[in-house]
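**Q** Let me give you the structure first, and then I'll get to my questions.
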Amino acid sequence: MANPKYKTPRSKTRKRRSHLHLELPNVVKCSKCGAPKQQHCVCRSCGDYNGRQVFNPKPVEEN
């Protein structure tokens with residue numbers, strides 16, 4: 001098994017891994033209820049997707 005001849009500097013390692021960072025999901029407003037939702041996903045508060053009703057959300061019970 002080959003071994004490196006020299007120690008790789010920390011800056012070179014970090015430059016190589018610069019594209020491996022985490023990205024935040026794109027959050028938009030729902031067109032029907034205005035709640036924040038992820039793009040291309042069903043709205044959890046109203047159940048609407050692409051202008052049509054996909055499911056009926058359950059009402060939230062408060063204690």
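**Q** Calculate what fraction, in whole %, of the accessible area of the chain sits on carbon and sulfur atoms when a 1.4 Å probe is rolled over the protein chains.
**A** Roughly 52 percent of what the probe reaches on the chain is carbon or sulfur.
**Q** State in Å² the accessible area per residue of the chain; use a 1.4 Å probe, count heavy atoms of protein chains only, and round to the nearest integer.
**A** 105 Å²
**Q** Considering the chain, what Rg and Dmax in Å follow from its alpha-carbon atoms?
**A** Cα-based Rg and Dmax for the chain come out at 22.8, 65 Å.
**Q** Across region 8-25, in residue order, what do the Karplus-derived ³J(HN,Hα) couplings come to in whole Hz, using 6.51 cos²θ - 1.76 cosθ + 1.60 with θ = phi - 60° and x for Gly and Pro?
**A** With the stated coefficients, region 8-25 comes to 6, x, 4, 5, 5, 4, 5, 5, 5, 9, 5, 8, 8, 6, 7, 10, 6, x Hz.
**Q** Here's a follow-up. Could you pull out the trypsin sites (Lys or Arg not before Pro) across the chain that fall in loop regions by DSSP (anything but H, G, I, E, B) with no more than 11 other Cβ atoms inside 10 Å?
**A** Qualifying residues, ordered by number: Lys5, Lys7, Arg17.
The values are calculated or read from the model by the stated rules, or taken from the named source; none is laboratory data. Nothing here was measured: the structure is a model prediction, and the numbers come from that model. As a convention, Cβ positions derive from the backbone with ideal geometry for all residues, glycine included, and neighbour counts pool all protein chains shown. With ligands, DNA and RNA removed, areas are computed over all heavy atoms of the protein, side chains included. Shrake-Rupley method; radii C 1.70, N 1.55, O 1.52, S 1.80 Å.
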